[in-house]
1. Can you sort C232, C41 so the residue with the fewest Cβ neighbours within 10 Å comes first?
2. Which FRET efficiency value, to the nearest 0.05, is calculated for A217 and E66 with the Förster distance at 25 angstrom and r the Cβ-Cβ distance?
3. Quick one: among G221, G156, G133, which has the greatest mean-square fluctuation in a GNM of the chain with alpha-carbon springs under 10 angstrom?
4. Near K108, which aspartates and glutamates are there with a Cα under 13 Å away, not counting those fewer than 8 places off in the same chain?
5. List R163, R39, R30 from most exposed to least, where exposure is judged by having the fewest other Cβ atoms within 10 Å.
6. Using the Karplus curve 6.51 cos²θ - 1.76 cosθ + 1.60 with θ = phi - 60°, work out ³J(HN,Hα) for each residue of the stretch 90-98 in order, rounded to whole Hz, and write x for Gly and Pro.
7. Among L102, L40, L171, what is the fewest-to-most ranking by other Cβ atoms within 10 Å?
8. Please report the relative contact order for the chain, taking Cα pairs under 8 Å with a sequence separation of at least 6, and give it as a percent rounded to a whole number.
Amino acid sequence: MLIRLGVAAVITLGLVGGAVAAPSRIIILRHGEKADDWRLCEVGQQRAQALKLNYLGKDAAKSLFEDGEPPAYFFAITLHTAELAAPAVQSWNKPLIFYSALPQDSEKVFVDLVAARTREAAANILTNPALKGKTVVMVWEHHHIADAELDAKHEGDAAVTLRQLFNLDILPGVPKTWPEETFDYFWIVDFPDNSNVPSKFTMMKQEFGTSFPNVPANDWGEPDGLDAASGCVAKSKD
């Protein structure tokens, strides 16, 4: 798997500021369950494999990519998101575009870094001619997918969440906040031709059947049922 750092990714993909060249579909999901600020726990690693085999990998059983069309690119922002994406990315033999935001000593510094990198990624994805009409996957940090408190804090400033950066607030049914213990959903956003204004939003639960019994499948906003014995932390900076 090739990982390209964020600025290099913008250059490599040919960002054209101001142009309308949105993908036809953006699939957004959160990273997997965490062991600490740096890596996924065993459950999160199992989720990464389950996603490859069921939804995001080549020849996945319930592929999210229509007619077998491969995704154009996978995007990630933190170590947790890159680790979750890695098995699926490797199955396609594609690069992972990494808008790197590594853990920091200060939580505020980390949050501000993720916000800045999220804005860069969103601008690239919405204006890049290489992505026009394609399907891309974003594995992201959940506060910068949707967080009503964070949006309110930045009201009047530059947007910092994908919910606002992709204008998802104009569509019905888009949650204002991604819940803390919810790891098992996709947000699927569709764009019409020649427009960077979304036309459809679908929220889809990840279902792995009996193949991965230890991977939580809690409903949106419900507890995930993991305790300390799972080796997964309830909360970290990411």
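Please treat every number below as a calculation from the coordinates, not as lab data. No experiment lies behind these values; they were computed from the predicted model shown. Here Cβ is always computed from backbone atoms with ideal geometry, including for glycine, and neighbour counts include all displayed protein chains.
1. Numbers: C232 21, C41 18.
Least to most surrounded, the residues fall as C41, C232.
2. Details: r = 24 Å, r/R0 = 0.97.
The computed FRET efficiency comes out at 0.55.
3. Sorting by GNM fluctuation, first place goes to G156.
4. Hits, sequence-local ones excluded: D238.
5. Values: R163 27, R39 12, R30 24.
Ordered from fewest to most neighbouring Cβ atoms within 10 Å, R163, R39, R30 come out as R39, R30, R163.
6. Karplus-based 3J(HN,Hα) across the stretch 90-98 equals 4, 5, 8, 6, 10, x, 9, 7, 10 Hz.
7. Numbers: L102 12, L40 25, L171 16.
Ranked by crowding around the Cβ, least crowded first: L102, L171, L40.
8. Values: 499 pairs, mean separation 68.6, N = 238.
Reported relative contact order: 29 percent.
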